[in-house]
Amino acid sequence: MKFKVSIIVPVYNVEKYLAKCLDSLVSQTLSDIEIIVINDGTKDNSQSIIDIFVENYPQKVFTYLKENGGLGDARNYGLQFAHASYVGFVDSDDYVEAEMYEKLYLSAIENNSDIVVCDIEYVWENSSKRNELKGFRKIEGVEERKSIFLSPLFAWNKLYKKDLFLKYDLKYPKKLWYEDIPVTIPLFAYAKNISYVEEILIHYVQRDSSIMTSKNTSKMHDIFRVLKQVYEFFQDNQLLDSYHPEIEYLFVEQLMLYGSFRFYRSDSTFNLMNEALKFMKEFFPNWRKNKYIKTLHKHYQFYLKTVNHLTMLFYQVVVLIEGTRGINK
């Protein structure tokens, strides 16, 4: 069978969520798909669930086992088994709409797109709360080529031409948090055409045991390594001047805005925040004047204007008491 889309699903200790994820994939209205399930050294009962789907859908679901290397490493491993011209990624605790890959694929074909993005819904595990996140952040007066760099950098609300990964030898980092960022950014830079299906097609499950709700301070430091890779990519490819405000804003968002809200919940807030402030001063000393900060809600603007070594204790208390809408972005 000639597949139109290959979907790679890394699996590690997600037996509670896996069946719902795989159900949503085998039910896709686009029939010519292959679902490549990578067992990344899982220690729970996930493989037994995978085996049931392989048995029930032998022409559609395929499984491969590997030693644990983290989410990014599992995606890299899965790419070698992808037969289709287009590939997508789904995290095994999330689920998708039945028409997701048909709509993304048709948009890719109609627009000759290298990448297609869609909207996202945040779903809280123990709550009826729902939040929508636009997959393509369009800002008035800003060309789409630059706006895409301000959009969500998740790997899984997108469809990609597989050749992008092969031509530019793009690989997700092994055993790093924030592994989407240093691959999604180059993909955006290399893509000649990016299209947008303005519709919620994937549901991002917020669970207490997920990476982004963890307080693992040592792994939070990964963001500095990841952002340095991004900076070096733009510098090495002579793109830094062309996209300076966009990359600067990426640093602001990942370190001083949503990143800092995670830092405040860690057990090493002041070390992380001091490192973030030092990092911003080194790479973007005038970051507080970034033009995209003006597009944010006024309370975020005020926060970015006033956060410093002296005010971080106050803001930590505020975050811990009240929480923040941005914590899981």
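Coordinate-derived values only; no laboratory data. No experiment lies behind these values; they were computed from the predicted model shown. Here the Cβ positions follow ideal geometry from the backbone for every residue, glycine too, while neighbour counts run over all protein chains shown.
Summing Lys, Arg as +1 and Asp, Glu as -1, what charge do residues with Cβ under 11 Å from the Cβ of residue 289 carry, residue 289 excluded?
Neighbour charge sum, excluding residue 289 itself: +3.
Say the dipole of segment 256-329 comes from +1 at the beta carbon of Lys and Arg and -1 at that of Asp and Glu; which of 311, 258, 293 then lies farthest toward its positive end?
Value: 293.
Please compute the net charge surrounding residue 44, taking Lys and Arg as +1 and Asp and Glu as -1 over other residues with Cβ under 15 Å from its Cβ.
-1
Would you calculate, for the chain, the mean residue ellipticity at 222 nm contributed by helices, counting each DSSP H stretch of 4 or more residues as -39,500 (n - 2.57) and dividing by all residues, to the nearest 500?
Helices in the chain give a 222 nm mean residue ellipticity of -11000 deg cm²/dmol.
Specify whether the C-alpha gyration tensor of segment 121-274 places it in the rounded, prolate or oblate class, a ≥ b ≥ c being the square roots of the eigenvalues: rounded for a/c under 1.5, otherwise prolate if a/b is larger than b/c and oblate if not.
oblate
How do 74-82, 178-186, 192-200 rank on mean C-beta neighbours within 10 Å, highest first?
Descending packing order for the listed peptides: 178-186, 74-82, 192-200.
Please state the charge dipole magnitude for the chain, taken about the Cα centre, from unit charges on C-beta atoms (+1 on K and R, -1 on D and E), reported in debye and rounded to the nearest 20.
The calculated dipole for the chain is roughly 1060 debye.
Which entries in 146/305; 129/228; 66/158; 171/192; 129/192 show an alpha-carbon gap greater than 27 Å?
Over 27 Å apart, Cα to Cα: 129/228; 129/192.
Give the relative contact order (percent, whole number) for segment 5-212; include only Cα pairs under 8 Å separated by 6+ residues.
So the answer I get is 26 percent.
Could you order peptides 123-132, 16-25, 247-256, 217-226 by the average number of other Cβ atoms within 10 Å of their residues, highest first?
247-256, 16-25, 217-226, 123-132
Just how large is the dipole of segment 117-251 about the Cα centre, in debye to the nearest 20, putting +1 at every Lys and Arg Cβ and -1 at every Asp and Glu Cβ?
Roughly 440 debye, rounded to the nearest 20.
Roughly what would the spin-label model give for residue 288 and residue 110, points 7 Å off Cα along C-beta, in nm?
4.7 nm
Give me the distance in nm between label points sitting 7 Å out from Cα along the Cα-to-Cβ direction at residue 29 and residue 169, one decimal.
Those two pseudo-labels are separated by 4.2 nm.
Suppose we keep just the DSSP beta bridges with both residues in the chain; what percent of those would be antiparallel, to 5?
In the chain, approximately 30 percent of DSSP beta bridges are antiparallel ones.
With unit charges on the beta carbon (Lys/Arg positive, Asp/Glu negative), name the residue among 28, 42, 151 whose Cα is farthest towards the positive pole of the charge dipole of segment 5-212.
Of 28, 42, 151, it is 151.
Whole-Hz ³J(HN,Hα) for each residue in segment 135-146, computed from phi via Karplus 6.51 cos²θ - 1.76 cosθ + 1.60 with θ = phi - 60°, x for glycine and proline: what do you get?
Karplus-based 3J(HN,Hα) across segment 135-146 equals x, 10, 8, 9, 10, 4, x, 10, 5, 4, 4, 8 Hz.
Regarding the chain, what are the three Cα extents along the principal axes, ordered largest first, in Å?
60, 40, 34
Collect residues whose amide H, placed 1.01 Å from N in the peptide plane, falls under 5 Å from the amide H of residue 95; neighbours closer than 5 in sequence don't count.
Answer set, sorted by chain and number: 203, 205.
If a paramagnetic tag sat 7 Å from the Cα of residue 44 along the Cα-Cβ line, which residues of segment 72-98 would have the backbone N under 15 Å from that point?
91-95
Among residues other than residue 144 whose Cβ falls under 11 Å from its Cβ, what is the net charge (Lys/Arg +1, Asp/Glu -1)?
Charge balance near residue 144 sits at +3.
So, R0 is 30 Å and r is the distance between the beta-carbons of residue 199 and residue 267; what FRET efficiency does that work out to, to 0.05?
0.15
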